[in-house]
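Comments concern the structure below.
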Amino acid sequence: MRQALIKAVVVSDREDGGAGLARLIEDTGLAQCSAVLSGAGGLEDMTFTEDEIIVLEVENPYVPASVYPARLLFIGNYTAADLARITSIPSPFGVLSPDPDLETAAAALTALNLGLTVMDRLMNGEPETENNARREASGENHLTEREVAVLNFFARGFSIRDIAGYLRISVNTVKYYTSSLYGKLGAANRAEAVKEGIRRGLIAI
């Protein structure tokens, strides 16, 4: 059984008023959009909880203080000054480059839902190949290819039975991979495994 859907609010400056972004967020299968706003002005009249994620596809990353303690995911090309403002936010936050793909959006939502900060690789300027080389040199990237695949399915909310169907393997085999990756990551449960996988760069953001 999949985890409960994340409650998301989409805010966009684009001509479509956020309709495209809302479709992307819901297509991840992890979140349901409770509101879609054209511009951030409407946020001032709303109240939020720490379980909600506000996804902002806006040129100006300013948000009213009333949105806290919601978690914020900014999507756009931001200046150093913009990023400095974003990093001062008291809630968990994320920043993605424009037009993220489905997997990137899903991974970002998962990370934010765990209370983690998200900065995609294009934002920090470090190519993925360098990240991989650094992890291999440090000995961190020691999961097998199939274990990494299972871990990424976990990050997207799939059940063991779902994963078995997608990978065309038995449920018991998925359970074996799960036990193995838990041990390698030092995790006691799925949430801990995903959190550690994101920290090690095994789940792409």
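Restricting the first residue to segment 6-24 and requiring it to be farther than 19 Å from Thr104 by Cβ, which pairs with a second residue that is of a type in the set (Asp, Glu) and surrounded by 15 or more Cβ atoms within 10 Å (Cβ to Cβ) meet a Cβ separation below 6 Å and a spacing of at least six or different chains?
That search, which allows pairs on different chains as well, returns Lys7/Glu52.
Can you list the helices (runs of 4 or more DSSP H) found entirely within segment 157-205 that contain at least 3 residues being more than 21 Å from the chain's Cα centre (by Cα)?
Details: elements: 160-167, 171-185, 190-200.
Where helices (runs of 4 or more DSSP H) fall fully within segment 157-205 and carry at least 3 residues being more than 21 Å from the chain's Cα centre (by Cα), they are 160-167, 171-185.
Looking only at strands (runs of 3 or more DSSP E) that fall completely inside segment 49-131, which ones have 3 or more residues that are modelled with pLDDT of 90 or more, on the phi < 0 side of the Ramachandran plot and surrounded by 16 or more Cβ atoms within 10 Å (Cβ to Cβ)?
Values: elements: 52-57, 71-75, 93-96.
Strands (runs of 3 or more DSSP E) meeting the threshold: 52-57, 71-75.
In segment 162-180, is there at least one residue being touching a Leu at 6+ places or on another chain (Cβ under 6 Å) and at negative phi? Please lay out each step first, then the result.
Taking segment 162-180 first, the residues touching a Leu at 6+ places or on another chain (Cβ under 6 Å) are none.
No, that holds for no residue.
Is it the case, given these coordinates, that Gly29 is surrounded by fewer than 19 Cβ atoms within 10 Å (Cβ to Cβ), in contact (Cβ under 8 Å) with a residue 24 or more places away in the chain and assigned to a helix (DSSP H, G or I)? Steps first, answer last, please.
Numbers: surrounded by fewer than 19 Cβ atoms within 10 Å (Cβ to Cβ): yes; in contact (Cβ under 8 Å) with a residue 24 or more places away in the chain: yes; assigned to a helix (DSSP H, G or I): no.
Criteria not met by Gly29.
Only residues that are at pLDDT below 85 and hydrophobic (A, V, I, L, M, F, W, C): list them for segment 27-44, please.
Ala40, the sole residue that qualifies.
Since Leu21 meets every condition but one in (1) touching a Leu at 6+ places or on another chain (Cβ under 8 Å); (2) crowded, with 21+ Cβ neighbours inside 10 Å; (3) over 20 Å from Gly115 (Cβ atoms), which condition does it not meet?
(1)
Identify, by number, the condition in (1) in a helix (DSSP H, G or I); (2) under 22 Å from Asn152 (Cβ atoms) that Leu21 doesn't meet.
It fails just one condition, (2).
The values are calculated or read from the model by the stated rules, or taken from the named source; none is laboratory data. The shown structure was predicted, so the numbers you read here are calculated from the model rather than taken from an experiment. Cβ sites come from the backbone with ideal geometry, for glycine too, and all protein chains shown count toward neighbours.
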